[in-house]
Amino acid sequence: MIPPREALHRLRQGNREFVDGQAAPTPGDGLLGRSLRPADLVSQQQPFAIILGCSDARVPAEIIFNQGIGDLFVIRVAGNIVAPSQIGSIEFAAAQFGTRLVVVLGHSHCGAILSTLKELQRPSGQRSRNLGSIVNRVRPSVEVLLHTELRHDLDALVHHAVRANVSASVNQLRHGSPILEPLTESGDLVVVGAEYSLATGCVEFFDNPLDEAGSS
């Protein structure tokens, strides 16, 4: 079991390697760097971090964190929203594998955030019912921004909305599960927010109790 601080360090280091253009792990690398054959993965996995990220094709977690097969437990959904199935997946990984770090990963220019902002400004009768299942989960964290001066600057509005949505998801995971909440309160599980920049490839972590405790 890798402690949360060490897991976060590995993610930060992997992202620096990705940004610097260092070679990504080969398909046989993973599970803490051991050389593996596909058959070795049949009976085991030891993900050191859980990533709840967006489905956007430009944000593949294993690549941007420079990790191999078996290293990350990845859940992807448009807008990196938190719904019961996502909570259940995180509960499963935390209980089954002892994974102690959860990262909610948003990204710049998020299409789901843009779609939510557009949907909120359309007449309700023209809104997609299916898209509404995402919009309704993003809405509470971004709707208030439409009543600020940010509404006059779309880029700034989206930037703040992405972060507000990530923070809302982080808060929900910390306090919305009878399994995860005791783990976060005891420090055995750490949930942090992060934003990936499509322009630079860098991941910036925030809402991070490890940093508050003095992590570099």
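Do you know which of the residues in the range 27-61 that are modelled with pLDDT of 95 or more and not in a loop (DSSP other than H, G, I, E, B) is nearest to R5 (Cα to Cα)? Among those that are modelled with pLDDT of 95 or more and not in a loop (DSSP other than H, G, I, E, B), it is A49. Against the definition (under 15 Å from the mean Cα position of the chain (by Cα) and of a type in the set (D, E)), how does E62 come out, yes or no? Yes: the conditions hold for E62.
Here is a yes/no grid of residues against (1) closer than 22 Å to P209 by Cβ; (2) not in a helix (DSSP H, G or I):
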position	(1), (2)
I75	yes, yes
S85	no, no
A94	yes, no
T99	yes, yes
V104	yes, yes
H109	no, yes
T116	no, no
N130	no, no
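Does D207 satisfy being farther than 23 Å from G111 by Cβ, in contact with a strand residue (DSSP E or B) (Cβ under 9 Å, 6 or more places away or on another chain), modelled with pLDDT under 90 and not polar (S, T, N, Q)?
No: the conditions fail for D207.
The combined condition, being among the aliphatic types (A, V, I, L, M), outside any strand (DSSP E or B) and at pLDDT below 95, is not fulfilled by V170. Take the conditions touching a Gly at 6+ places or on another chain (Cβ under 6 Å) and either crowded, with 21+ Cβ neighbours inside 10 Å or at pLDDT below 95 (or both) and apply them to V104. Does it pass? So V104 fits the description; yes. Is it true that some residue in the range 120-139 is modelled with pLDDT of 85 or more and either touching an Asp or Glu at 6+ places or on another chain (Cβ under 6 Å) or surrounded by fewer than 19 Cβ atoms within 10 Å (Cβ to Cβ) (or both)? Yes, the range 120-139 contains a residue that is modelled with pLDDT of 85 or more and either touching an Asp or Glu at 6+ places or on another chain (Cβ under 6 Å) or surrounded by fewer than 19 Cβ atoms within 10 Å (Cβ to Cβ) (or both). With respect to V203, is the statement that it is in contact (Cβ under 8 Å) with a residue 40 or more places away in the chain, under 28 Å from R58 (Cβ atoms), in contact with a Gly (Cβ under 8 Å, 6 or more places away or on another chain) and β-branched (V, I, T) true? Spelling it out, it is not the case that V203 is in contact (Cβ under 8 Å) with a residue 40 or more places away in the chain, under 28 Å from R58 (Cβ atoms), in contact with a Gly (Cβ under 8 Å, 6 or more places away or on another chain) and β-branched (V, I, T).
Scan the range 1-26 for residues that are under 21 Å from A93 (Cβ atoms) and either among the small types (G, A, S) or at pLDDT below 60 (or both) and the total you get is 3.
The values are calculated or read from the model by the stated rules, or taken from the named source; none is laboratory data. Remember, it's a predicted structure, so these values are computed and weren't measured experimentally. Reconstructed Cβ throughout: ideal geometry from the backbone, glycine too, with neighbour counts over all protein chains shown.
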